[in-house]
Amino acid sequence: MSRGDRQDRGNREDADLIEKLVGINRVAKVVKGGRRFGFAALVVVGDGRGRVGHGHGKAREVPEAIRKATEAAKRHLVRIPLREGRTLHHDVKGRYGAGKVVLRAAPPGTGIIAGGPMRAVFEAMGVQDVVAKSVGSANPHNMIRATFDALGSCANPRQVAQRRGKKVSDILGRREARTEEEAVETA
C-alpha cells in the first residue's frame, strides 16, 4: 500500500465523520497595550457507528480554534460497543473532576434524553436511545470527560463472558442471549 493510498483512505474516513461543536470560549490575556483576545473550542467527532472522540483547541481566530479541536478529536477516537447499534449494553456511571454523569440504556423509541454536551457525544456516536443525567458540574469539559469515562467502562456481553469464562447466555439470560446472538450475526 503506497502512501497516497493511505492518505486517500484517511480522507474517506474523515468524510463520514460527524462533527459537533460543543462550545467556544473567548479568553483574554492582559498585555501592556490592553487585552489580547483568543478563542478556545470544544468539539466532538464521531462516525455514527460507535466511534467517538473529543478535542480542545485554542487560537486567536475562531475557525482556527475549531480546526485544531477537530484534529485533536480525530486523533483520540475510541470505539464503544453498542447494543443493536442504537443503545448502550448496560447502565454506567462516569466521573471526571466535579462532573458526574449517569448513562442508562433505553428501549427503542426513547430517543436521546441528555443535556447539551452529552447529547453531542451521543449524536456523534450514533446512539439513538439513551437516558443520561449530569449530576455534578455543568462545565462542558468536565461533562464530556465524565461521559467518556463512563463510556470507557462499557463492555459488551461477549467480552464479559469471555473474561469470566462463561457463555453469553449465562451472562444475559436465555431470551436476551438469543436476540443478542441474532443481532451479532446480522451485523
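Any read-out appearing in this document is the output of simple, stated calculations on the displayed coordinates, not a laboratory observation. All values derive from a computational prediction rather than experimental measurement. So basically every Cβ, Gly included, is an ideal-geometry build from the backbone, and we count neighbours across all protein chains shown.
Data table
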item: Net charge, G55 excluded, C-beta distance under 9 Å - Lys, Arg +1, Asp, Glu -1; result: +2
item: ³J(HN,Hα) computed for each position of region 67-84 - Karplus, 6.51 cos²θ - 1.76 cosθ + 1.60, integer Hz, glycine/proline x; result: 4, 5, 5, 5, 5, 5, 5, 5, 6, 10, 6, 10, 9, 10, x, 10, 8, 6
item: Note, ³J(HN,Hα) from phi for region 97-103, Karplus 6.51, -1.76, 1.60, rounded to Hz, x at Gly and Pro; result: x, 8, x, 10, 9, 10, 10
item: Relative packing of peptides 26-33, 139-146, 118-125, 163-170 - highest average C-beta neighbours within 10 Å first; result: 118-125, 139-146, 163-170, 26-33
item: Cα gyration tensor, region 48-187 - rounded (a/c under 1.5), prolate or oblate; result: prolate
item: Furthest towards positive pole of dipole, S137, P107, M118, structure part region 92-186, Cβ charges; result: S137
item: Cβ-based exposure ranking for T110, T87, T147, in which fewest neighbours within 10 Å come first; result: T110, T87, T147
item: Spin-label pair K32/V78, simplified geometry with 7 Å Cα→Cβ offset, distance in nm; result: 4.6 nm
item: Amide H contacts of G99 (H built 1.01 Å from N, under 5 Å, at least 5 apart or other chain); result: S137
item: Ranked R49, R35, R158, criterion: other C-beta atoms within 10 Å, fewest first; result: R35, R49, R158
